[in-house]
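> Questions regarding the structure given below will be posed in turn.
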Amino acid sequence: MAGIKDVAAEAGVSVATVSRVLNAHPSVSADARTRVLAAVETLGYRPNAVARSLRTDQTHTLGLVISDVLNPYFTELARSVEEEARALGYSVIIGNADERPDLQDHHVRNLLDRRIDGLLVSPTDGGSPLMLDAVRAGTPMVFVDRWIPGVDVPVVRADGRAAVRDLVAHLHGLGHRRLAIIAGPAATTTGRERVNAFREALGACGLGLPDAYVGQGDFQAGSGRRVTEGFLDLAEPPEVVFAADNLMALGALDAIRARGLRVPGDIALVAFDDIRWFVHTDPPITAVAQPTRELGRAAVRALVARIEGRPGESVTLPARLVVRRSCGAPGTGRHRRPPVPPQSPVRRSTS
């Protein structure tokens with residue numbers, strides 16, 4: 001592989017002149033610049049990014065720590081982040097926290113050690129001393145999707161409250177009255193926010209949310225199955241299960257089908273976080289859709305602004321309701337009790 005000395009020899013200039021050309025220094029003659037660039041092309045020379053970063057104190061690399069790479073929402077978010085970063089001249093290193101605070105901090109620590117220019121994080125909880133120390137140390141950082149309350153960091157997120165109100169009004173209009181939720185982790189802002197939005201929307205329709213209709217999940221499919229099984233074992237099962245993320249919705253669908261029940265004939269199913277798979281399920285699943293690609297792009301722009309010393313602004317974009325066939329048609333909302341006797345003790349969960 002050619003080095004900078006080879007380029008200098010090929011161009012007939014000094015190593016210092018090659019360095020000035022590669023760093024766009026103005027004190028180089030047009031003739032020398034032309035010869036150096038021609039030598040670079042002929043030899044296929046690629047500057048050492050690590051060495052350059054030591055000189056400029058910039059690596060043109062961003063870190064992204066997402067909550068779960070297997071979650072299609074975060075996969076799409078990561079893709080959008082990478083595309084926007086590349087367009088702005090940055091590379092991205094991704095760490096998958098797998099919804100584990102310890103793994104999240106492991107990735108944050110490694111990324112900081114790699115001297116990234118800035119960090120995008122979707123926090124798994126609100127108590128990471130490592131991230132708080134990084135913010136205090138001046139590391140450019142932006143929270144995306146989730147955030148840590150009270151930390152002075154721009155937040156790029158979707159507001160799902162209006163879409164959840166639309167969802168509950170839609171379900172109420174179909175005749176549904178017993179609505180349950182599979183909540184996300186209470187340690188996350190999105191977990192708490194979606195339960196609160198659901199409770200408020202029910203109240204606007206004159207409906208309550210009994211403790212038995214709140215099941216604690218963890219944004220993973222297994223918890224969606226477990227909580228839904230508990231709902232179906234109740235003496236009065238809900239007519240609708242609202243999963244607070246897409247993976248829990250798929251787990252809920254598995255549990256419903258395992259009982260030999262039909263969606264929406266026996267029980268309706270809706271989700272927060274629309275994914276492409278939902279149009280291919282039978283029936284297609286009604287969902288609250290977040291503007292994932294726009295969130296990723298906005299997060300990168302906010303972070304680059306912070307890196308460049310400009311104020312990176314928080315961004316909140318609206319989510320929207322996507323109605324499909326998993327809730328039933330008008331006039332069919334009040335389903336009969338699922339024809340399966342309880343198979344385990346009643347589970348009562350609280351948020």
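> Residues of region 182-203 being in contact with a Pro (Cβ under 9 Å, 6 or more places away or on another chain) and surrounded by 18 or more Cβ atoms within 10 Å (Cβ to Cβ), which ones?
T188, T189, G191
> Within region 59-106, how many residues turn out to be farther than 26 Å from P185 by Cα, touching a residue at least 40 places away in the same chain (Cβ under 8 Å) and of a type outside the set (D, E, K, R)?
Of the residues in region 59-106, 7 are farther than 26 Å from P185 by Cα, touching a residue at least 40 places away in the same chain (Cβ under 8 Å) and of a type outside the set (D, E, K, R).
> Also, quick follow-up: Tell me, please, whether a residue that is of a type in the set (S, T, N, Q) and either farther than 19 Å from A180 by Cβ or surrounded by fewer than 17 Cβ atoms within 10 Å (Cβ to Cβ) (or both) can be found in region 221-237.
Within region 221-237, none of the residues are of a type in the set (S, T, N, Q) and either farther than 19 Å from A180 by Cβ or surrounded by fewer than 17 Cβ atoms within 10 Å (Cβ to Cβ) (or both).
> Suppose we filter region 86-112 for residues that are under 18 Å from L132 (Cβ atoms) and part of a helix (DSSP H, G or I); how many remain?
Adding up the residues that qualify gives 12.
> Condition first: farther than 25 Å from D274 by Cα, of a type in the set (G, A, S) and buried (at least 22 other Cβ atoms within 10 Å of the Cβ). Now tell me which residues in region 65-122 satisfy that.
G118
> Could you say whether any residue in region 252-273 is aromatic (F, W, Y) and surrounded by fewer than 17 Cβ atoms within 10 Å (Cβ to Cβ)? Write out each step before concluding.
Here is the first cut: in region 252-273, the ones aromatic (F, W, Y) are 272.
Now narrow it down to the ones that are surrounded by fewer than 17 Cβ atoms within 10 Å (Cβ to Cβ): none.
So far as region 252-273 goes, no, none of its residues is aromatic (F, W, Y) and surrounded by fewer than 17 Cβ atoms within 10 Å (Cβ to Cβ).
> Please work out which residue is surrounded by the most Cβ atoms within 10 Å (Cβ to Cβ), limiting yourself to region 1-19 and to residues that are touching a residue at least 40 places away in the same chain (Cβ under 8 Å) and small (G, A, S).
A2
> Just wondering, is there one or more residues in region 231-242 that are without any contact (Cβ under 8 Å) to a residue 12 or more places away in the chain and farther than 27 Å from S67 by Cα? Break it down into steps so the answer makes sense when it comes.
Taking region 231-242 as the starting set, the residues that turn out to be without any contact (Cβ under 8 Å) to a residue 12 or more places away in the chain are none.
No: zero hits.
> Would you mention how many residues in region 147-159 are surrounded by 23 or more Cβ atoms within 10 Å (Cβ to Cβ) and charged (D, E, K, R)?
1
> Answer yes or no as to whether A289 is open to solvent by less than 60 Å² (accessible area, probe 1.4 Å) and more than 28 Å from A212 (Cβ to Cβ). Explain how you work it out, then say what you get.
Details: open to solvent by less than 60 Å² (accessible area, probe 1.4 Å): yes; more than 28 Å from A212 (Cβ to Cβ): yes.
Yes.
> Those residues that are small (G, A, S) and surrounded by fewer than 17 Cβ atoms within 10 Å (Cβ to Cβ), I need them from region 164-181; list them, please.
If we filter region 164-181 for residues that are small (G, A, S), which is where we start, we get 169, 173, 175, 180.
Correct list: A169, G173, G175.
> Is it true that L130 is under 21 Å from the mean Cα position of the chain (by Cα) and surrounded by fewer than 18 Cβ atoms within 10 Å (Cβ to Cβ)? Step through it out loud before you land on a result.
Details: under 21 Å from the mean Cα position of the chain (by Cα): yes; surrounded by fewer than 18 Cβ atoms within 10 Å (Cβ to Cβ): yes.
Criteria met by L130.
> Counting only residues that are over 17 Å from G328 (Cβ atoms), give me the strands (runs of 3 or more DSSP E) lying completely in region 148-262 with at least 3 of them.
Numbers: elements: 155-159, 179-183, 214-216, 240-243.
Strands (runs of 3 or more DSSP E) meeting the threshold: 155-159, 179-183, 214-216.
> Under 6 Å between Cβ atoms, at least 6 apart or on separate chains: pull out the pairs that start in region 165-179 with a residue that is closer than 20 Å to P237 by Cβ and touching a residue at least 24 places away in the same chain (Cβ under 8 Å) and end on any residue that is assigned to a helix (DSSP H, G or I) and open to solvent by less than 50 Å² (accessible area, probe 1.4 Å).
From region 165-179, the pairs are V168/A201; V168/L202.
> Only one residue in A255, A268, A289 is of a type in the set (A, V, I, L, M, F, W, C), farther than 22 Å from D166 by Cα, touching a residue at least 24 places away in the same chain (Cβ under 8 Å) and in contact with a helix residue (DSSP H, G or I) (Cβ under 9 Å, 6 or more places away or on another chain). Which one?
Details: A268 fails: farther than 22 Å from D166 by Cα; A289 fails: farther than 22 Å from D166 by Cα.
Unique residue meeting the criteria: A255.
> Take the residues in region 292-312 that are more than 30 Å from V241 (Cα to Cα) and open to solvent by 20 Å² or more (accessible area, probe 1.4 Å), then tell me which one is modelled with the lowest pLDDT.
The residue in question is P311.
The values are calculated or read from the model by the stated rules, or taken from the named source; none is laboratory data. What you see is a predicted model; the values in this text were computed from it and never measured. Heads up, the Cβs are rebuilt from the backbone with ideal geometry, glycines too, and the neighbour counts pull from every protein chain shown. Calculation scope for accessible area: heavy atoms of the full protein, side chains included, ligands and nucleic acids excluded. Shrake-Rupley method; radii C 1.70, N 1.55, O 1.52, S 1.80 Å.
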